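Just below is one structure, and these are the notes that go with it.
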Amino acid sequence: MKFDCHIHSTYSFDSFESPKNILFYARTRGIDVLSITDHDTLTFNHELYELAKKFDISGYSKMRKKDLIT
């Protein structure tokens, strides 16, 4: 089983990958569990949960998480 427990999407200032692309690449690379953790936002979480179901990434957590810039 492969995990990626910390990755940022375009909802963060330091990433150029859309959530859809991240999930696509995760699936094609055999990642089973994924945690997208963007900076200072939770607004994308429901969208990602729905995309994870579409890409059959069953280990995507609906747990709300974010990096805090301090």
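The values are calculated or read from the model by the stated rules, or taken from the named source; none is laboratory data. Worth saying up front: this structure is predicted, and the values here are computed from it rather than measured. Cβ placement follows ideal geometry from the backbone for every residue including glycine, while neighbour counts extend to all protein chains displayed. Keep in mind that these areas ignore ligands, DNA and RNA; they rest on the heavy atoms of the full protein, side chains included. Shrake-Rupley method; radii C 1.70, N 1.55, O 1.52, S 1.80 Å.
Quick notes on this one:
- Heavy-atom accessible area, probed at 1.4 angstrom with all protein chains present, ranks 16, 55, 3, 24 as 16, 3, 24, 55, highest first.
- Site pair residue 35 and residue 54 shows an inter-label distance of 2.5 nm when each label is modelled 7 Å from Cα along Cα→Cβ.
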